[in-house]
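Undergrad: One structure, pasted below without further comment.
The values are calculated or read from the model by the stated rules, or taken from the named source; none is laboratory data. The model shown is predicted, which means the values in this text are computed figures rather than measured ones. Note that we place each Cβ from the backbone using ideal geometry, even for glycine, and neighbour counts take in every protein chain shown. Note: areas computed on protein heavy atoms with side chains; ligands, DNA, RNA excluded. Shrake-Rupley method; radii C 1.70, N 1.55, O 1.52, S 1.80 Å.
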Amino acid sequence: MFSKAFRKAGEFATSTANAIARRNLVSSGGGVSTETADVVVIGAGVVGLAVAQEFALKGRDVLVVEAASTFGTGTSSRNSEVIHAGIYYPPQSLKAVLCVRGRELLYKYCSDRGIPHKQLGKLIVATRVSEISKLEQILKRGIENGVEDLRMAEGSLAMEMEPELHCVKALLSPSSGIVDSHAFMLSLVGEAENFGTTISYNTVVIGGQVEDNSLHLQVSESKNLENHAGESTTQPQLVIIPKIVINSAGLSALHLAKRFQGLNHRFIPASYFARGCYFTLSNTKSPFSHLIYPIPEDGGLGVHVTLDLNGQVKFGPDVEWIDDVDDISSFLNRLDYSVNSDRSSRFYPEIRKYFPNLRDGSLEPGYSGIRPKLSGRGQLAADFVIQGENIHGIPGLVNLFGIESPGLTSSLAIAEYIVSKFAG
């Protein structure tokens, strides 16, 4: 991949040879070549791509390193594709601030570039009188977060808007919507590359070491990790010394940070993984025109109704906590995304709380996603963590931890925040 010296080490693919060829090769003399770089973004998910594009627009020379064979194969492509308004999150939290700002940026970005999206609006519904107080708390929080178009509706009005809906009260969020996440990421790739960014696929950052007051990244070809199991290590084929490192590795961001020798582990939070399954509604015209969300549950926002841009209805995600994800599996996204059809038995009663006419046998397994969480079962939802040298003391390193929902909505705002705060 990475120039002549790197091809000697691992005979990497031509794409990455071109990626590093523009940079200054420095001989390390120890059998592993060393490259210098300006900005390295680890991970080509939607947030990594947004950050790369923002740095590139500012004139920085950007290299994106991605373990998969293409962009957005992890959490970025396995979610509800919802544009969130910014309602649920604690006031002044990163999730609240970046979601509200990100929603504005995302709608404008998509409108300006013709990226498929639709501002459908969302109804958050109380299906029992006992849930109304929680709905009122959500309204209060949304207003505190600067979501100005929220309004409460009596159940009768909400059911007039959505005849198949059952609820006693609902909160309408007109600014919620949906987006074609693949088209959005494809646009980010194109714009980043047009401004000089190079993306090196099939390439894994397997660790790093702080030397001479900078982080030296240890890089390997993805296929070299395929035969390594669990926590086992492999030798790097290249060392890259960037001025700025953005650890936007998503599901593997925390595992990777633990492999940065010189980074104090007290700055690395505990990690949790939650799989969420989606089921689709078979052979039926969509019963709803809005997104429908129940009151949030432990670990997520509840089994909700989302529509894609083709009008297909999907229900999900549920929450299934996953234990014992090892380093290599997280690096290579070698995780179980299967959807067991038996899980539908848990979906029917939850969905029928607000969609009582759901017919038996109408749910079909769809897809699943895995969320990188910083809070576990029964714990309060954690905020995004974006930490730079001011926190951990390592020059140039920016760690992004727990970038789950509303990461897609917040992506452009996260990029704006990082470049304004850490570009140097």
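Undergrad: Under a Cβ-Cβ cut-off of 14 Å, what is the net charge of the residues other than residue 344 that fall near it, where Lys and Arg count +1 and Asp and Glu count -1?
TA: -1
Undergrad: For the chain, what proportion of DSSP beta bridges, expressed in % and rounded to the nearest 5, is antiparallel?
TA: DSSP beta bridges in the chain are roughly 65 percent antiparallel.
Undergrad: Where only protein heavy atoms count, and the probe is 1.4 Å, what is the accessible area per residue for region 321-424 in Å²?
TA: 43 Å²
Undergrad: Another question about this same structure. Name the residues whose placed amide hydrogens come within less than 5 Å of the amide hydrogen of residue 83, ignoring near sequence neighbours (fewer than 5 apart) on the same chain.
TA: Long-range HN contacts for residue 83: 177, 178, 179.
Undergrad: Between residue 322 and residue 270, how many nm apart are label points set 7 Å from Cα along the C-beta direction?
TA: 1.9 nm
Undergrad: Could you name the lysines in cross-link range of residue 421, using Cα to Cα under 18 Å and dropping any fewer than eight places away on the same chain?
TA: Within reach: 58, 95, 243.
Undergrad: For region 201-278, which trypsin sites (Lys or Arg not before Pro) are both in a DSSP coil and crowded by at most 16 other Cβ atoms within 10 Å?
TA: Sparse-neighbourhood loop trypsin sites (Lys or Arg not before Pro): 258.
Undergrad: Continuing with the same structure: Considering only protein heavy atoms and a probe of 1.4 Å, how much of the accessible area of the chain is carbon and sulfur, as a whole percent?
TA: On the chain, the fraction of accessible area on carbon and sulfur atoms equals 48 percent.
Undergrad: Also: At a Cα cut-off below 17 Å, give the lysines reachable from residue 169, other chains included and same-chain residues fewer than 8 away excluded.
TA: 122, 134, 140, 353
Undergrad: Which ³J(HN,Hα) values in Hz, rounded to whole numbers, follow from the phi angles of region 364-377 under the Karplus curve 6.51 cos²θ - 1.76 cosθ + 1.60, where θ = phi - 60° and Gly and Pro get x?
TA: Those phi angles translate into 10, x, x, 8, 9, x, 10, 9, x, 10, 10, 9, x, 4 Hz.
Undergrad: Using just the helices of the chain, give the 222 nm mean residue ellipticity in deg cm²/dmol: DSSP H runs with n ≥ 4 each add -39,500 (n - 2.57), and the total is spread over all residues, rounded to 500.
TA: Result for the chain: -8500 deg cm²/dmol, rounded to the nearest 500.
Undergrad: Here's a follow-up. Hey, can you grab everything whose amide H is under 5 Å from the amide H of residue 397? Only 5+ residues off in sequence or another chain; H modelled, so Pro and N-termini drop out.
TA: 245, 389
Undergrad: May I ask you to order 329-335, 79-85 by the average number of other C-beta atoms within 10 Å around their residues, highest value first?
TA: Highest-to-lowest ranking by the protection proxy: 79-85, 329-335.
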